[in-house]
Amino acid sequence: MKLRVGYDLIYECAQPTPMMLMLNTHFSRVQDVLVADLLVVDPPTPIRQYRDGFGNLCSRIVAPQGRILLSTTALLDISDQPETREPYGYQHPVEDLPDECLTFLLGSRYCETDLLSDVAWKLFETSAPGRDRVQAICDFVHGHITFGYGYARPTKTAWQVYQERRGVCRDFAHLAVTLCRAMNIPARYCTGYISDVGTPPPYSTMDFAAWFEAYVGGCWQTFDPRNNVARTGRVLMARGRDAADVAISNAFGPTKLIQFDVRCEPE
């Protein structure tokens, strides 16, 4: 299946403003790329790119005063079948985890493991360790939170999501990540595109999506507490400890996002 992804974002800057952007597909999808998602900036602005500590491709620009358009389009050749599970799902003792997993056991900006540890153990202590436990966490989060774009706010943490019981996809992911970490399962936050292929209408306006990966069965495996079903056409853009590590833009000055259009659809 050929899948077209991309976006058109317009920012308005009160003054020349340095920006750090995370708006490219992840290098792990390079084998699927037919047309690469090159970042286009209008008015033309120099772009400098680097990879952060999590392997995400980051772009640095200095946006001029006024309006600036950030856009791209990419074409990927991906499976037209829903996602499948890896063959193994056992849980690793902490002492046997690879070193690079340990940071994903710790609390982070939006994931307060210290506040949710007791909750996690009361809810999931009797569940089977490993992938079954992660799925039990996803089932709980999916049923615990009411989804709605009106519930979004940029400062909301996992603890607040647990208490308020409402949020958007990043809130579902933050709560599930925190509960996994509290149960000694490494979990990392993911963001990217998810198509509506194979899902019944009506469809909401396309947006970037959030999910997470847990380290079980000797590898990182994908889980999605917001949808809680296998999806077709999931395209990773970035991974990190939580949303603070993978924001689509960080502006170091006064800016306003005035247009936000995302595309993810089969050709």
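Okay, here's what the table says:
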read-out	value
The chain - percent relative contact order, Cα under 8 Å, separation 6 or more	30 percent
Residue among A158, F124, Y193 farthest towards the positive dipole end of region 94-245, charges placed on Cβ	Y193
Listed residues H144, T113, F208: farthest to the positive end of the dipole of the chain (Cβ charges)	F208
Cβ-based net charge around L102, under 13 Å, with every Lys or Arg adding one and every Asp or Glu removing one	-1
Sorted peptide list for 199-205, 230-236, criterion being average Cβ within 10 angstrom, highest first	230-236, 199-205
Cα-centred dipole magnitude for region 1-85, charges only on beta-carbon of K, R (+1) and D, E (-1), debye, nearest 20	200 debye
Over region 165-260, relative contact order from alpha-carbon pairs under 8 Å, at least 6 apart, %	32 percent
Environment charge at D118 (Cβ cut-off 15 Å; Lys +1, Arg +1, Asp -1, Glu -1)	-1
Whole-Å distance, taken between Cα centres, linking region 226-267 and region 20-92	10 Å
Cα-only Debye scattering, region 94-245: base-10 log of I(q)/I(0) at q = 0.14, 0.17 Å⁻¹	-0.62, -0.92
Using alpha-carbon coordinates, inclination of helix 169-182 to the longest axis of the chain, degrees	40 degrees
Dipole in debye (nearest 20) - region 96-212, about Cα centre, beta carbon charges: Lys, Arg +1; Asp, Glu -1	320 debye
Cβ-Cβ FRET estimate between E125 and A244, R0 fixed at 35 Å, reported to 0.05	0.75
The chain, helix-only ellipticity at 222 nm - DSSP H runs n ≥ 4, -39,500 (n - 2.57), divided by all residues, nearest 500	-5500 deg cm²/dmol
Charge context of R188, other residues only, Cβ under 14 angstrom, K/R +1, D/E -1	-1
Nearest-ten-degree value, helix 113-124 long axis tilted from longest Cα axis of the chain	50 degrees
Residues of region 223-267 with amide N under 16 Å of the 7 Å Cα→Cβ point at D8	258-265
Dipole moment magnitude, nearest 20 debye, the chain about Cα centre, only Lys, Arg, Asp, Glu C-beta charged	520 debye
Order of Y7, Y50 - criterion: other Cβ atoms within 10 Å of each residue's Cβ, fewest first	Y50, Y7
Degrees separating the helix 131-144 axis from the principal Cα axis of the chain, which is the longest one	70 degrees
Stretch gain in nm, segment L34-M1, where the contour uses 0.36 nm per residue and the Cα spacing is subtracted	10.7 nm
Relative contact order %, region 94-245, counting alpha carbon pairs below 8 Å whose residues are six or more apart	28 percent
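Values quoted throughout were computed directly from the atomic coordinates according to the rules given, and no laboratory measurement underlies them. This is a predicted model, so every value here is computed, not measured. As a convention, Cβ positions derive from the backbone with ideal geometry for all residues, glycine included, and neighbour counts pool all protein chains shown.
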